1. Being charged (D, E, K, R), touching a Pro at 6+ places or on another chain (Cβ under 7 Å) and either farther than 30 Å from Thr61 by Cα or modelled with pLDDT of 95 or more (or both) is true for just one of Arg178, Arg141. Which residue is that?
2. Out of segment 65-112, which residues are β-branched (Val, Ile, Thr) and outside any loop (DSSP other than H, G, I, E, B)?
3. Need pairs with beta-carbon distance below 7 Å; first residue over 16 Å from Thr11 (Cα atoms) and within segment 68-81, second surrounded by 24 or more Cβ atoms within 10 Å (Cβ to Cβ) and of a type in the set (Val, Ile, Thr); sequence gap 6+ or separate chains.
4. For residues that are more than 16 Å from Thr225 (Cα to Cα) and of a type in the set (Gly, Ala, Ser), scanning just segment 15-35, find the one that is surrounded by the fewest Cβ atoms within 10 Å (Cβ to Cβ).
5. Please verify whether Tyr241 is hydroxyl-bearing (Ser, Thr, Tyr), over 30 Å from Lys109 (Cα atoms) and either touching an Asp or Glu at 6+ places or on another chain (Cβ under 6 Å) or free of Cβ contacts under 8 Å to residues at least 24 places away in the same chain (or both), treating the condition exactly as stated.
6. For Asp40, state whether it is surrounded by fewer than 19 Cβ atoms within 10 Å (Cβ to Cβ), closer than 25 Å to Glu113 by Cβ, without any contact (Cβ under 8 Å) to a residue 40 or more places away in the chain and over 18 Å from the mean Cα position of the chain (by Cα).
7. Assess whether Gly142 counts as being of a type outside the set (A, V, I, L, M, F, W, C), over 16 Å from the mean Cα position of the chain (by Cα), buried (at least 23 other Cβ atoms within 10 Å of the Cβ) and under 24 Å from Glu235 (Cβ atoms).
8. Can you report the number of residues in segment 72-91 which are within 18 Å of the chain's Cα centre (by Cα) and over 18 Å from Leu236 (Cβ atoms)?
Amino acid sequence: MDIQGISAIVTGGGSGLGEATARLLAERGAQVVIVDMADDKGEAVAKDIGGVFAHANVADTDEVIAAVEAAKEMGPLRALVNAAGVGWATRTIGRDGQYSSAHDLDVFKKVVEVNLVGTFNCSRLAATAMSQNDPLEDDERGAIVNVASVAAFDGQIGQASYSASKGGVVGMTLPVARDLAAVGVRVNCIAPGLIDTPIYGSGEASEAFKDKLKQGVLFPKRLGTAEEFASMAVELITNSYMNAETIRLDGGIRMPPK
């Protein structure tokens with residue numbers, strides 16, 4: 001699929017994986033809507049790439065529709081990258097045997113709401129707009145890239161909510177791809193491993209922590225880059241024979257229990 005002149009939405013586009021993907025899409029000729037909750041970061045990236053910023057909670061229907069409409073004003077919406085996500089490490093129970101110290105249920109619900117419900121919400125609404133596009137070759141109208149995590153398969157101690165949400169993203173990729181085949185919209189998923197983004201912080205302690213993490217990577221012995229993720233995301237959008245697949249982008253790592 002040629003992305004020159006199309007519009008694309010990237011959720012979580014204000015930083016990290018989303019930002020790198022938005023920048024590469026813009027470089028390849030797409031008009032990009034950055035969806036984020038962080039106004040300052042989202043606006044800065046949008047301005048830098050000549051795109052548009054839309055403040056939106058990905059689980060909020062009205063806010064996502066507004067982002068979709070903004071994209072349609074710039075060109076046919078043919079690409080969505082669901083990169084918005086959250087996660088907190090919390091064990092299922094506390095050490096004192098008290099009900100009150102068990103995993104906060106509201107935290108669990110919040111992670112699932114953003115990562116899983118939010119991904120589906122953006123997909124259903126963006127795909128609705130895509131279904132109205134004029135068809136391209138092979139009747140293709142658009143492409144969606146979901147973002148899961150290797151935690152969907154190798155969840156570590158404390159990752160119950162995160163792994164459940166990302167496992168759900170993997171699990172819905174195939175059925176949603178089957179649903180949307182009728183209107184020519186492809187759906188794929190990336191499950192990144194340890195990617196070097198601002199989430200790890202900066203400074204001496206951060207570098208020492210990353211050095212420890214990379215020991216579990218099979219090859220190459222380093223963390224991935226946001227640009228490598230972006231390259232994969234854009235390939236899944238532009239390669240019209242890629243559909244209903246989940247790809248691990250992780251250097252071959254298999255995460256240990258902790």
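1. Selected residue: Arg141, the only one of Arg178, Arg141 that is charged (D, E, K, R), touching a Pro at 6+ places or on another chain (Cβ under 7 Å) and either farther than 30 Å from Thr61 by Cα or modelled with pLDDT of 95 or more (or both).
2. Selection gives Ile65, Val68, Val81, Val107, Val111, Val112.
3. Gly75/Ile6; Pro76/Ile6
4. Going through the qualifying residues, I end up with Gly29.
5. Considered against the rule, which asks whether it is hydroxyl-bearing (Ser, Thr, Tyr), over 30 Å from Lys109 (Cα atoms) and either touching an Asp or Glu at 6+ places or on another chain (Cβ under 6 Å) or free of Cβ contacts under 8 Å to residues at least 24 places away in the same chain (or both), Tyr241 comes out as yes.
6. Spelling it out, Asp40 is indeed surrounded by fewer than 19 Cβ atoms within 10 Å (Cβ to Cβ), closer than 25 Å to Glu113 by Cβ, without any contact (Cβ under 8 Å) to a residue 40 or more places away in the chain and over 18 Å from the mean Cα position of the chain (by Cα).
7. yes
8. Qualifying residue count, segment 72-91: 3.
The values are calculated or read from the model by the stated rules, or taken from the named source; none is laboratory data. This is a predicted model, so every value here is computed, not measured. In this analysis, Cβ positions are derived from the backbone assuming ideal geometry, glycine residues included, and neighbour counts consider all displayed protein chains.
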